[in-house]
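S.K.: Have a look at this one.
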Amino acid sequence: MLRTPATSRSARSVSFHWIHPIVVLLFDGLGDRAHDVLKGRTGNEAARTPNLDRLAGAGSCGVMYAVGPGRAPSSEVAHWSMLGYRPDEFPGRAVFEALGRGQQLSDEYVFAYAALRPAQRRDDGWWLTGRPDPARDAVDAQALVEACNGLEVDKLLFSLAHEWRGESVLRISGGADERVSDSDAFFRDRHPVLRPLPLVPEAARTARAAEEWMRWTMEILAEHEVNKRRADEGLPVLNVITLKWWGRPKAVPTFLERHGLHGTFVCDSAFLRGLAQTVGLETSVAPESDNAEADLARRLDLIGERLDAGDTFVFVHQKATDAAGHTKDPLVKRAVIESLDVVLRGRLPVDRAIVCVTGDHATPASPDVIHSGDPVPFVVAGPGVRADNVRRFGELDCAAGIFGQLRGPDMMPVLLNAADRPLFLGSRPTPFDGADGYPAVLEPLK
């Protein structure tokens, strides 16, 4: 991955024993909306959470909008913002997917995420009707993707690296431009497959080539023996490849350069591993299973291990709350929050670290939206953190806390300040763009 220029060999790392490490426990999709079945409360407000309540009562609280009120961010956009990186530095999720899956990156290439899907032709275009089954369709999907690999359009080479259930990372070489719109509109019941369009005039060639590539792959898929057999067997014909999450690798300051912290990002998803690697954090793969409580317990164990190893920053991602929101059953989301709270009892290292518990966005248990722009609870506790008047965990309660309403870019300065690590504004001891923590790498004058 591209990096900004490192400091010279004479630079040295400085350790301060009187400042605290930072731990972020992020429950994906934690935020919710109020539901009649929960008596006008969110899943967080309705859940019985004595341990999260205890944390809120001992710390400072607020609510977080990862991008802004009413803005419904994807997880990668939310994480990028909360970790202190700007939209103009964002390389695109496809870059994270490629890096997290071990692919070699170069800024000579443009990346997009390609998804093989079944689609139905209607008067106003092609409408997605589902997605391949991960088990039943795995072999067929891989064969169909491989049939579309290595096509060249207008001297642009489209190379597919299949990952699972027909989903691939697309690499485009030959001078492509990443500023192209997605052909997957996400809401397949509301919009058909879209034409790739240029965001700027310079991307017109790439957008035209991407549209021609999509039409060419549809012809290949329609004539492929695998799809003919599937039609005979009554299985969905996988006949279109959509493109989304366009991007290109960019040089950005590392987490150490920007915040003066080094550490570990604990997660399962490939795109989160790629995001962490992009900013120079170590990654620890923690698989998600059907047993969310056991998954969280393993993650909490890793926090202690990483702090013992000397990490000054540990970020832990847990997916279960997001999955619960996607069930569109408020009772399920409440139950998952309650089950995770049980695991937290006595497990958060508030005696030796600044601990933040929050989410990246809201995944409402109803209505049928993917994510929403509703606020997410934000709690910080640990040595020296004052207790405000909040006594319960939840959106309404936390909104009355001392932090009030925060946005994603506020998270790292708030945590650095709590950890006695803030950069004194007006001082410029580091050349790194956007630095907001006291630098851990200094260039001494000799």
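The values are calculated or read from the model by the stated rules, or taken from the named source; none is laboratory data. Computed from a prediction, not measured in an experiment: that's the story for all the values here. FYI the Cβ positions are ideal-geometry reconstructions off the backbone, even for glycines, and counts take in every protein chain you see. We work out accessible area using only protein heavy atoms, side chains counted, and drop any ligands, DNA or RNA first. Shrake-Rupley method; radii C 1.70, N 1.55, O 1.52, S 1.80 Å.
S.K.: Considering (1) more than 25 Å from the chain's Cα centre (by Cα); (2) buried (at least 16 other Cβ atoms within 10 Å of the Cβ), say which one Val342 fails and leave the rest.
M.R.: (2)
S.K.: For Asp301, all conditions in the list (1) open to solvent by less than 40 Å² (accessible area, probe 1.4 Å); (2) assigned to a helix (DSSP H, G or I); (3) not β-branched (Val, Ile, Thr) hold save one; what is the number of the exception?
M.R.: (1)
S.K.: Quick check: anything in region 337-359 in contact with a strand residue (DSSP E or B) (Cβ under 6 Å, 6 or more places away or on another chain) and on the phi > 0 side of the Ramachandran plot?
M.R.: no
S.K.: Which of the strands (runs of 3 or more DSSP E) contained wholly in region 143-258 include at least 2 residues that are of a type in the set (A, V, I, L, M) and farther than 30 Å from Asp368 by Cα?
M.R.: The qualifying strands (runs of 3 or more DSSP E) are 151-153, 156-164.
S.K.: Looking at Ala135 and the list (1) among the aliphatic types (A, V, I, L, M); (2) closer than 30 Å to Phe378 by Cβ; (3) open to solvent by 40 Å² or more (accessible area, probe 1.4 Å), which single condition is not satisfied?
M.R.: So the condition that Ala135 fails would be (2).
S.K.: If Asp290 satisfies every condition in (1) buried (at least 23 other Cβ atoms within 10 Å of the Cβ); (2) in a loop (DSSP other than H, G, I, E, B) but one, which is the exception?
M.R.: Of everything listed in (1) buried (at least 23 other Cβ atoms within 10 Å of the Cβ); (2) in a loop (DSSP other than H, G, I, E, B), Asp290 misses just condition (1).
S.K.: Mind checking which residues of region 1-58 are modelled with pLDDT of 50 or more, part of a strand (DSSP E or B) and not hydrophobic (A, V, I, L, M, F, W, C)?
M.R.: Hits for region 1-58 are Gly31, His35, Arg41.
S.K.: Can you find even one residue in region 252-274 that is buried (at least 23 other Cβ atoms within 10 Å of the Cβ), in contact with an Asp or Glu (Cβ under 6 Å, 6 or more places away or on another chain) and hydrophobic (A, V, I, L, M, F, W, C)?
M.R.: Yes, some residue in region 252-274 is buried (at least 23 other Cβ atoms within 10 Å of the Cβ), in contact with an Asp or Glu (Cβ under 6 Å, 6 or more places away or on another chain) and hydrophobic (A, V, I, L, M, F, W, C).
S.K.: In addition: Going through Gly408, Gly373, Gly401, Gly437 one at a time, which residue ends up being touching a Ser or Thr at 6+ places or on another chain (Cβ under 8 Å), open to solvent by less than 50 Å² (accessible area, probe 1.4 Å) and under 19 Å from Arg86 (Cα atoms)?
M.R.: Within the list Gly408, Gly373, Gly401, Gly437, the selection yields Gly408.
S.K.: Tally the residues that are in a helix (DSSP H, G or I) and open to solvent by less than 30 Å² (accessible area, probe 1.4 Å), restricting the search to region 59-78.
M.R.: Number satisfying all stated conditions: 3.
S.K.: Something else: Go through region 195-211 and count every residue that is surrounded by fewer than 17 Cβ atoms within 10 Å (Cβ to Cβ) and not small (Gly, Ala, Ser).
M.R.: Summing the residues that are surrounded by fewer than 17 Cβ atoms within 10 Å (Cβ to Cβ) and not small (Gly, Ala, Ser) in region 195-211 gives 6.
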